[in-house]
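Just below is one structure, and these are the notes that go with it.
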C-alpha cells in the first residue's frame, strides 16, 4: 500500500468511527479499490455493512456515480416483489385459478425483490435509472450502456444467451461487491447456462403481467435459478464458487466505508464458474 493509500485508509476509518461517512470519502474508497472512470459496474451491496453514509442509500449511489463518472454505467439486479410466488410451488394445473387475484407485474411500478436489498429499490427509483421489462429477471441500469444492456430481454432463459448478463460480460463489465454475502453473485446464473452439465434442472413459472389490454397470464421457462440446476448437498454452490475464486487472488480487495469489498472482472469469474460447475456438478 502506498503512503497516499495508507493516509486515505486512515482518514476513512477515522470518519467511519466518528459516524456518518461523507460521499467524497466513499468515492475515494471506491477509487482505491480500483473503480475507474467509464467502468461498467454490476453492484451487489449490503448497506448495513457499508455503514452510515451521508444521504443514506442515495449517498452510496452518488459515490458510485462519481467513481465511474459520466462515461460509466451502473447495473443492478432488481427482480420484483412477488407476493404470489408460492403459487409456482403448487401443481401447474392449479396455478391459473390461484393467480386470478394476483397483482400484475409492472416493470416501472413493481418494487424490487426485497431479497436483493434496499440499494436496488433506491436505484430503481432514481430518475436516471432504466429498467428491463421482465417479472423474473428484471435489471436496472444508468449511464451510456443502459439501453444496450436492457433492451429486448429474452422472455425464457432470461439469464442465458442474449440476456443482460451476457451483454454485461461482453461489454467488459466488472462486479463490485460491497459487503455482500458469498451467495450473492447473480452473474453465476449466466455461468449455469454455459456450463457443460447434463440434464440441468428447469422450471416453468406462471406470472401475471401488465399487457396492452390489461393483466395477462404468461409462462416463463428457464433453468432453476432458485434451487440450483442440480441437487448438490451442503452449502449453496454459488458461495463455494465465489470463495474459491477469491482464494485465487483474482479480485481486487479492500474496504469501502466499513464493508469488506471486492472488484471482479466479470468474464474471469464466469469462466471460473463454468469450469467449477463442469468439474463438480456432473454425475451428482
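The values are calculated or read from the model by the stated rules, or taken from the named source; none is laboratory data. Keep in mind the model is a prediction, meaning the values are calculated, not measured. Neighbour counts are summed over all protein chains in view; Cβ atoms, including those assigned to glycine, are modelled from backbone coordinates with ideal geometry.
Points to keep in mind about this one:
- The range 182-215, residues that are assigned to a loop (DSSP other than H, G, I, E, B) and under 19 Å from residue 250 (Cβ atoms): 182, 183, 184, 185, 186, 195
- Residues in the range 72-87 that are farther than 25 Å from residue 50 by Cα and either over 18 Å from the mean Cα position of the chain (by Cα) or crowded, with 22+ Cβ neighbours inside 10 Å (or both): 83, 84, 85, 86, 87.
- With respect to the conditions (1) in contact with a helix residue (DSSP H, G or I) (Cβ under 9 Å, 6 or more places away or on another chain); (2) under 30 Å from residue 32 (Cα atoms); (3) modelled with pLDDT of 95 or more, residue 125 falls short on a single one, namely (1).
- Residues that are more than 21 Å from residue 142 (Cβ to Cβ) and touching a helix residue (DSSP H, G or I) at 6+ places or on another chain (Cβ under 9 Å), drawn from the range 162-184: 179, 181, 182, 183
- Scanning the range 84-110 for residues that are in a loop (DSSP other than H, G, I, E, B) and either closer than 19 Å to residue 214 by Cα or touching a strand residue (DSSP E or B) at 6+ places or on another chain (Cβ under 6 Å) (or both) returns 84, 99, 100, 101, 102, 103, 104, 106, 107, 108, 109, 110.
Matching residues to (1) surrounded by 16 or more Cβ atoms within 10 Å (Cβ to Cβ); (2) modelled with pLDDT under 95; (3) closer than 22 Å to residue 62 by Cα:
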residue: 134; (1), (2), (3): yes, no, no
residue: 143; (1), (2), (3): yes, no, yes
residue: 148; (1), (2), (3): no, no, no
residue: 152; (1), (2), (3): no, yes, no
residue: 157; (1), (2), (3): yes, no, no
residue: 163; (1), (2), (3): yes, no, no
residue: 167; (1), (2), (3): yes, no, no
residue: 175; (1), (2), (3): yes, no, yes
